[in-house]
1. Arrange the peptides 55-66, 97-108 so that the one whose residues have, on average, the most other Cβ atoms within 10 Å appears first.
2. Report relative contact order for the chain in percent, whole number only (criteria: Cα-Cα under 8 Å, sequence separation at least 6).
3. Based solely on its DSSP helices, what 222 nm [θ] is calculated for the chain when runs of n ≥ 4 H residues each add -39,500 (n - 2.57) and the sum is averaged over all residues, nearest 500 deg cm²/dmol?
4. Among rounded, prolate and oblate, which fits the chain when a ≥ b ≥ c are the square roots of the eigenvalues of its C-alpha gyration tensor, a/c under 1.5 means rounded, and a/b larger than b/c means prolate?
5. Any idea how far the Cα center of the stretch 10-28 sits from the one of the stretch 54-116, in Å?
6. Expressed as an acute angle from 0 to 90° and rounded to the nearest 10, what is the orientation of the C-alpha long axis of helix 16-25 relative to the principal long axis of the chain?
7. When ranked by the protection proxy of mean other Cβ atoms within 10 Å per residue, highest first, what sequence do the peptides 84-92, 22-30, 42-50 form?
Ligand SMILES: [Fe+2]
């Protein structure tokens, strides 16, 4: 069973290595909080904020998932080195476009091949 890690505000942490470890794995959702019914909703998931994650053959973010509640809406898969080049590093960004027909409770998951599964905070989107 995979252990699921959650974001912790890195400003509350003392150790630089711990801030780096948590920040570079955490998934963040960027989305409008209100949208008209039937509109296409653009949901961007960012992995890491201030600290870049490696993109090496043995250590990379292999997938990003977007959930509405318990329902998997979409998943983007990556090969090692595909985004930043083998040995490169950076903050992965994935954009999903979904039709907004009812209120959403969006959560993103990001999977690191060395450091496991990381869950974002849940973001509510109201559909009017
Ligand atoms: Fe990692």
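1. Order by mean packing, descending: 55-66, 97-108.
2. Normalised by residue count, the contact order of the chain is 33 percent.
3. Estimated from H runs of four or more residues: -2500 deg cm²/dmol.
4. Prolate, since a/c reaches 1.5 and a/b exceeds b/c.
5. The two parts, judged by their Cα centres, are 18 Å apart.
6. It works out to around 40 degrees.
7. 22-30, 42-50, 84-92
Bear in mind that the values in this text are calculations on the coordinates, not laboratory data. The structure displayed is predicted, hence computed values, not measured ones. Note that each Cβ is placed from the backbone with ideal geometry, even for glycine, and that neighbours are counted across all protein chains shown.
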